[in-house]
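Q: Structure provided below as structure tokens; questions to follow.
The values are calculated or read from the model by the stated rules, or taken from the named source; none is laboratory data. Given the structure is predicted, the values throughout are model-derived calculations rather than measurements. Heads up: the accessible areas ignore ligands, DNA and RNA and are worked out on the full protein's heavy atoms, side chains in. Shrake-Rupley method; radii C 1.70, N 1.55, O 1.52, S 1.80 Å.
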Amino acid sequence: GIFQIEYFSGMNFLGIFIVCAIGADDIFVFMDAYKQSAHQGPAVNRDLATRMSWVWRKAGKAMAITSATTCMAFLSTCFSPIASTRSFGIFAALVILWDYVL
């Protein structure tokens, strides 16, 4: 198995809902930063590229922190003696990590 994990729980497919929820949260954070950028003056609003750069720098930190903490929370299940819980936690952590990277 992958990472020496032989058990793949059917519960792992619930990870898609977690990733969708994190993606929706990231969109809210990004759009809030975009709305805030409108009030930052002409230096930020000079053109779309400059504005989006400001938005990404502001929202990217928050999105990285929320994804990292959620990933770590799921990784903590690797200490569980219950195979399905351990499998789900590790799978969800990897899915969240790849969701942020991609």
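Q: Using alpha carbon centroids, what distance separates segment 19-43 and segment 54-102, in Å?
A: 20 Å
Q: Can you show me the helix-derived [θ] at 222 nm for the chain, built from DSSP H runs with n ≥ 4 at -39,500 (n - 2.57) apiece and divided by the number of residues, rounded to the nearest 500.
A: Working: 3 runs with 70 residues, N = 102.
The helix contribution divided over the chain gives -24000 deg cm²/dmol.
Q: Further question on the same structure: M72 to D47: extension gain in nm, 0.36 nm per residue of separation minus the Cα-Cα distance?
A: On the way: separation 25, 0.36 × 25 = 9.00 nm, distance 3.75 nm.
Difference between extended and current length: 5.2 nm.
Q: With the full set of protein chains in place, find how many percent of the accessible area of the chain is carbon and sulfur; take the probe as 1.4 Å.
A: Details: 4930 of 6900 Å².
Answer for the chain: carbon and sulfur cover 71 percent of the accessible area.
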